[in-house]
Amino acid sequence: MEKYAVPMTSNGKPYPDGKERRLIYFNVSYNRYRDLCGSTSTEVTDREEPAECRAVLCLPESYSETGAKTPLILSCHGAGSTVNEEKNYAGGLAGVTACVDAGYAALDIDGIEPHGVTMGCPEHVFAMYKAYKYAISHYNLTERVLLYGGSMGGQTSINFANTFPSLCIALGEFFPRMNIESFTTCDGHFCLGTWDKTTPNANGVSTHDRVVEYFHMDGGEWNRDRITGFEPYTNRSFTNEKGEKVVIPPCPIKIWHGTADTVVDPVVSMEYVRAVRRGGCYADLRLIEGIGHYITDAMRTELRMWFDRFI
């Protein structure tokens with residue numbers, strides 16, 4: 001379904017700029033089965049668990065069906081956002097409006113069923129890949145992409161880049177939640193990890209419960225094998241001779257994080273950037289004094305400037 005509409009946030013408010021945008025909603029099918037390291041040489045254990053999720057593609061005014069391809073951003077929303085065509089919810093588009101105005105297309109998906117929540121888990125990453133394949137097959141878009149993630153979407157976008165490194169040009173992250181279990185302390189600060197959030201929400205489900213479900217933690221017990229490849233701080237990483245973590249992402253990364261953020265402690269981003277730099281890779285951190293867990297116009301503008309370096 002294609003329409004021109006003012007994108008709305010999940011709490012029913014229009015985006016700050018109030019602009020109508022070209023939004024294309026579609027469904028993608030994917031296999032939500034997770035390979036659980038249980039394959040044997042004598043038994044076939046793979047199976048199919050068909051599922052669908054909603055996706056939205058936002059095209060800029062400059063988009064053309066012919067000529068040069070429009071650069072594509074995979075724009076991964078945080079835990080509080082969704083994609084819904086009836087209500088004009090557009091997920092991660094909120095962070096990249098300046099990029100869309102500058103000629104970029106943006107794609108996001110609702111999330112894995114049944115909750116529409118992004119956890120950076122395998123199901124969500126593979127569903128995003130199916131949406132990406134649909135978008136580049138039906139529209140004049142670049143095959144190599146830029147990735148943006150906000151909050152929990154930071155984990156999704158980095159995991160996508162690590163899973164499909166040949167597709168990714170650069171990463172731009174706003175206050176990313178990147179940890180499931182890795183960060184217990186950083187520079188003397190305690191960092192609340194996703195696994196630690198056991199308080200139920202209004203529906204009686206905690207973030208801990210979702211991790212158990214989405215990463216198939218059988219019996220609710222922690223199992224590191226279930227998160228291998230889907231935890232940014234331990235993915236593409238090793239520990240050096242000094243006992244320090246070294247992370248090697250597949251492309252350059254820049255992070256924006258407010259010093260007053262009480263949802264995702266900025267020391268997580270600080271340690272992640274240090275770990276990337278220890279491996280000799282490019283990472284930059286823009287700490288913004290006094291800003292909490294929200295997006296500012298300056299962040300949107302600077303994200304556009306960062307992505308412009310690669311297009």
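Each value in this text was obtained by applying a stated rule to the coordinates, not by laboratory testing. Being a predicted model, the structure only gives us computed values, none of them experimental. Cβ atoms come from the backbone with ideal geometry, glycine included; neighbour counts cover every protein chain shown.
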C-alpha center-to-center spacing [the stretch 138-177, the stretch 214-262] in angstrom: 15
Residue order, fewest to most beta carbons within 10 Å, for SER41, SER182: SER41, SER182
Ranked TRP256, TRP195, TRP222, criterion: other C-beta atoms within 10 Å, fewest first: TRP222, TRP195, TRP256
Relative contact order of the stretch 78-121, pairs being alpha-carbon contacts under 8 Å that are 6 or more residues apart, as %: 40
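State the extension gain, in nm to one decimal, for the chain segment bounded by ASP101 and SER137, taking 0.36 nm per residue of separation less the distance between their alpha-carbons.
10.7 nm
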Convex hull of the chain built on C-alpha atoms - directionally averaged projected area, nm²: 17.1
Projected label distance in nm at SER166 and SER41, using a 7 Å step from Cα toward the beta-carbon: 2.9
Selection of trypsin sites (Lys or Arg not before Pro), the stretch 1-85, meeting DSSP coil and at most 16 other Cβ within 10 Å: LYS19, ARG34, ARG47, LYS69
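If each residue of separation counts as 0.36 nm, what is the full-extension length gain between LYS13 and THR262 once their alpha-carbon separation is subtracted?
87.3 nm
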With 10 Å bins from 0: P(r) over the stretch 1-114, alpha-carbon pairs, percent: 14, 39, 24, 13, 8, 2
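Among the trypsin sites (Lys or Arg not before Pro) within the stretch 197-251, which fall in a DSSP loop and have no more than 12 other Cβ atoms within 10 Å of their own Cβ?
Filter output for the stretch 197-251: LYS242.
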Low-density loop positions, GluC sites (Glu not before Pro), the stretch 5-57 - DSSP coil, at most 13 other Cβ in 10 Å: GLU20, GLU43, GLU48
Partners for LYS254 among lysines (Cα-Cα distance below 25 Å; same-chain residues under 8 apart left out): LYS69, LYS245
Ranked by how many other beta carbons lie within 10 Å on average, peptides 135-148, 160-173 from highest: 160-173, 135-148
Estimated inter-spin distance, GLU289 and ASN240, nm [label 7 Å along Cα→Cβ]: 3.0
Overall Cα dimensions of the stretch 100-153, principal axis frame, Å, largest first: 31, 23, 15
Value of relative contact order over the stretch 91-151, rounded to a whole percent, pairs C-alpha under 8 Å and six or more apart: 31
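Please tell me the relative contact order of the chain in percent, rounded to the nearest whole number, where contacts are Cα pairs under 8 Å and at least six residues apart. Let's see the in-between values first.
Working: 674 pairs, mean separation 45.8, N = 311.
Dividing the mean separation by the residue count of the chain yields 15 percent.
Ranked by Cβ crowding within 10 angstrom, fewest neighbours first, how are MET299, MET119 ordered?
With the fewest neighbours first, MET299, MET119 line up as MET299, MET119.
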Formal net charge of residues neighbouring GLY193 (Cβ-Cβ distance under 12 Å; K, R +1; D, E -1): -2
THR296 paired with ASN31, simple spin-label distance in nm, labels 7 Å along Cα-to-beta-carbon: 4.6
